[in-house]
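So the structure is just underneath, and the comments pick up after that.
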Amino acid sequence: MKKISCNTYDIHINNWDAVNEYITRGNYSSIIIIVDENTSEHCLPTLAGTLIQKFDIIEIESGEINKDLDTCKGIWETMIDFGADRHSLCINLGGGVIGDMGGFTASTFMRGMDFIQMPTTLLSQVDASVGGKLGVDFNTYKNLIGVIKNPGAVFIFTDFLDTLPIEQIISGYAEVIKHGLIIDADAYYRDRIIRDFSNLDWEQIVYDSVMIKKSVTDDDPEERGRRKILNFGHTLGHAIESHNLDTPTHLLHGEAIAIGMVMEAHLSFQKGNITEQEVNQVKASIIEIFGHQTDRIPDMETLNSLMSKDKKNKGGVIMFSLLEQVGLGNYNQEVSLENIEKAVQFYSY
Ligand SMILES: NC(=O)c1ccc[n+]([C@@H]2O[C@H](COP(=O)([O-])OP(=O)(O)OC[C@H]3O[C@@H](n4cnc5c(N)ncnc54)[C@H](O)[C@@H]3O)[C@@H](O)[C@H]2O)c1
Ligand SMILES: [Zn+2]
């Protein structure tokens, strides 16, 4: 059982009593729980068995494809049917899709009701549920429509990871490694050697990782500066993720970010920030955990065109968040196309 206090809210890890205390204190007019078919099956029974208050359930279909305004419309309509109002509470029980979309629908319904995040994937526990970014995809643009608003609280239960498919665990683990690389070298050296995910002290790993994300988002909630260090691995990673979107076996977010981290660690090496031994170690451990996915890398032209659409670009210049050293990230780093080509080759061979 652990607790992390952020600027405006608390994050509780493995504390069911805190859930009921929070809800009792809020004296809400009604409670709505948003789930998808997987969290309805695997997580809702535990939550329902613990809540002492009455609640209604809104179930949506899982998957990023459903993180859109059509699904929001359905959620808002059901909230109206349930008689929800500004004094209701919305509990988002699910991965990042439910957290982002449930938080967005709650914070816009009647100009905003209280909501809490109950993240059930590793990625949402260590990343998506912390920092207040909420929203949905629009047309082909990811997370285009949204707001930044902190939840009333975050309740993380690491036992929910027991039913999460291993590929989702590994995908979320990319963000755990990223957090170590950009802020906490000791956590990185501990986490990079893990190969067996079946019997880990998740409470400690999740706690350390959330502490890192929270320290950055508390400092710079609106991403004016330092929060950008969280984008390490994501400029090349997003381009690789987009390139593989329409393939039958598309890459999960973390798998793409893992490749991006190897390449962007090499960019950091080329800038003289980390040693050759350090970048080789990053590559070796990432390939051991995530495999060596050389057939997933687009040619340079495609990669550049995908990167040129990145939201972090400024005035047409592609901006990277890199490593200043192992355990310290930086941001707004300009990089030449030649450097990028070398980094891609480094991953590929
Ligand atoms: N707001 C932020 O700061 C932020 C940060 C990172 C990512 N995100 C967003 O998060 C989303 C990705 O989140 P995700 O990786 O959690 O994906 P997800 O929400 O799609 O969940 C992955 C899959 O796991 C299933 N699932 C969830 N919990 C389960 C459990 N305990 N047992 C069994 N199955 C379970 C889900 O139904 C889904 O099929 C993306 O939309 C991304 O944009 C947001
Ligand atoms: Zn990410």
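Nothing in this text is a laboratory measurement; each read-out follows from the coordinates by a stated rule. Predicted model only: the values in this text are computed from it and were never measured. Don't worry about glycine lacking a Cβ; one is built from the backbone with ideal geometry, like all the others, and counts go over all protein chains shown.
Just to confirm my numbers, what's the Cα centroid distance between the stretch 112-140 and the stretch 33-111 in Å? About 12 Å separates the Cα centre of the stretch 112-140 from the one of the stretch 33-111. Over the chain, DSSP H runs of length four or greater, each weighted -39,500 (n - 2.57), average out per residue to a 222 nm ellipticity of -14000 deg cm²/dmol. To the nearest ten degrees, helix 96-108 and the longest principal axis of the Cα atoms of the chain are 50 degrees apart. Between the C-alpha center of the stretch 142-183 and that of the stretch 214-287 there is a gap of 15 Å.
Placing +1 on the Cβ of every Lys and Arg and -1 on the Cβ of every Asp and Glu, with no other charges, gives the stretch 259-344 a dipole of roughly 300 debye about its Cα centre. Between the listed residues 249, 42, 202, the Cα displaced farthest toward the positive end of the dipole of the chain, a dipole computed from Cβ unit charges relative to the Cα centre, is found at 202. Under the classification rounded if a/c is under 1.5, otherwise prolate if a/b is larger than b/c and oblate if not, where does the stretch 179-270 fall, given a ≥ b ≥ c as square roots of the Cα gyration tensor eigenvalues? It comes out oblate by the Cα gyration axes.
Given the options 167, 21, 334, which has the most mean-square fluctuation in a GNM of the chain, springs set between C-alpha atoms less than 10 angstrom apart? Among 167, 21, 334, the largest GNM mean-square fluctuation belongs to 21.
If only the Cβ of Lys and Arg carry +1 and only the Cβ of Asp and Glu carry -1, the dipole of the stretch 170-348 around its Cα centre is close to 320 debye.
Only Lys, Arg, Asp and Glu carry charge here, each on its Cβ (+1 for the first two, -1 for the last two); on that basis the chain has a dipole of about 980 debye about its Cα centre. The peptide list 260-267, 284-291, put in order of mean Cβ contacts within 10 Å with the highest first, becomes 260-267, 284-291.
Between the helical axis of 276-290 and the longest alpha-carbon principal axis of the chain there is an angle of about 50 degrees.
Taking a ≥ b ≥ c as the square roots of the eigenvalues of the Cα gyration tensor of the stretch 1-158, is the shape rounded (a/c under 1.5), prolate (a/b larger than b/c) or oblate? Verdict is rounded for the stretch 1-158.
One decimal place: the segment residue 345-residue 300 gains 15.2 nm when fully extended, by the rule 0.36 nm per residue minus the C-alpha distance.
In the chain, a dipole from Cβ-located charges (positive for Lys and Arg, negative for Asp and Glu) runs towards its positive end, and of 165, 258, 304 it is 304 whose Cα lies farthest in that direction.
Antiparallel beta bridges, as assigned by DSSP with both residues in the stretch 2-163, represent about 30 percent of the total such bridges. Once you sort the root eigenvalues of the Cα gyration tensor of the stretch 288-349 as a ≥ b ≥ c, which label holds: rounded (a/c under 1.5), prolate (a/b larger than b/c) or oblate (the other case)? Taking the square roots of the gyration eigenvalues as a ≥ b ≥ c, the stretch 288-349 is oblate. Helix 337-348 and the longest principal axis of the Cα set of the chain meet at an angle near 80°. Between residue 10 and residue 86, full extension at 0.36 nm per residue minus the direct alpha carbon distance yields a gain of 25.2 nm.
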